[in-house]
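Some notes on the structure that comes next.
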Amino acid sequence: VPSRFTASEVERQLGVAALDGERLLASYELLADNPHAVELPAAVSRVLQAARTTLEQVEAIVVDIGPGSFTGLRIGLAFVKALAFPAKKPLVGIPSLDVLAANVPFTEGLICPVLDAKQHNIYTALFQVRDGRPVKQTEYLLGPVEELLAQVKRATIFLGDGCALYRDRILTHCPHAQF
C-alpha cells in the first residue's frame, strides 16, 4: 500500500504487475471507483497485454495476502485462485508488510511498514536489509503504535498509510525517523 494514498483511499486501491524475475514488465495501479470484482479482470488483461504475454505464458501468480482491506483481499484471492487453479499455475501469497518493506532495498537502519488497522491499532513488523532484501526482525504485530515504538531503538524508515495517522507519536519517540 503506497504511502501516497490516504487511509480512505487504501480500501479502493488496486494494483497488478507482470514481472520477469525482478524486472518489471508492466504494471497498473488505480483507485477503483467500482468494486474490485469489476476492476480487477480488466486490470489483469491490461497488464498482460502491456507485458506482451498471456496467462498461459505466466509461470506463477503472486498475490498480496494482507493485512489490508478485507473485502479487497477476499476479492483478489478469489480472483487469482480462479486464474491459477484451472491453468495449473503456482499461487504464491506475500504479506503486505513484506511488500512494503521491499520498497526500501538500501538502508542500514530498520524498515518499518505501518498499516492502519482501525480502532487505534496498526499492523507492522520491523525489517533489516541483508544482501539487498528485507529480512523480518520481529513477528508481525497488531496493536497500538506504542507497542511498536517500544521496540524501535535505532534509525528507522517508516512507510505505509499508518505513518500519516501516527507521525507525531513516531517523531516523539524517534526524532530522527524517516518517512
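The values are calculated or read from the model by the stated rules, or taken from the named source; none is laboratory data. The structure displayed is predicted, hence computed values, not measured ones. Cβ atoms come from the backbone with ideal geometry, glycine included; neighbour counts cover every protein chain shown. Each accessible area value is taken on the protein alone, full model and side chains, heavy atoms only, with ligands, DNA and RNA left out. Shrake-Rupley method; radii C 1.70, N 1.55, O 1.52, S 1.80 Å.
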Checking the structure you have, find out if any residue of region 64-76 is open to solvent by 40 Å² or more (accessible area, probe 1.4 Å), modelled with pLDDT of 95 or more and outside any strand (DSSP E or B). no
Pairs under 7 Å by beta carbon, first residue within 19 Å of Ser69 (Cα to Cα) in region 27-52, partner open to solvent by 60 Å² or more (accessible area, probe 1.4 Å), six or more apart or different chains? Tyr28/Arg46; Leu31/Arg12; Ala32/Arg12; Ala43/Tyr28
What residue, of Asp161, Asp168, Asp98, is in contact (Cβ under 8 Å) with a residue 60 or more places away in the chain and charged (D, E, K, R)? Asp161
Cβ pairs under 7 Å, 6+ apart, first in region 124-135 and without any contact (Cβ under 8 Å) to a residue 60 or more places away in the chain, second of a type in the set (Gly, Ala, Ser) and surrounded by fewer than 19 Cβ atoms within 10 Å (Cβ to Cβ): Pro134/Ala102
Criterion first (closer than 22 Å to Gln13 by Cβ and assigned to a loop (DSSP other than H, G, I, E, B)) does Val104 satisfy it? yes
Go through region 77-103 residue by residue and tally those that are open to solvent by less than 50 Å² (accessible area, probe 1.4 Å) and either small (Gly, Ala, Ser) or in contact with a His (Cβ under 7 Å, 6 or more places away or on another chain) (or both). 5
Which of the residues spanning region 123-179 are β-branched (Val, Ile, Thr) and either open to solvent by less than 20 Å² (accessible area, probe 1.4 Å) or farther than 15 Å from Pro105 by Cα (or both)? Thr124, Thr138, Val145, Val152, Thr156, Ile170, Thr172
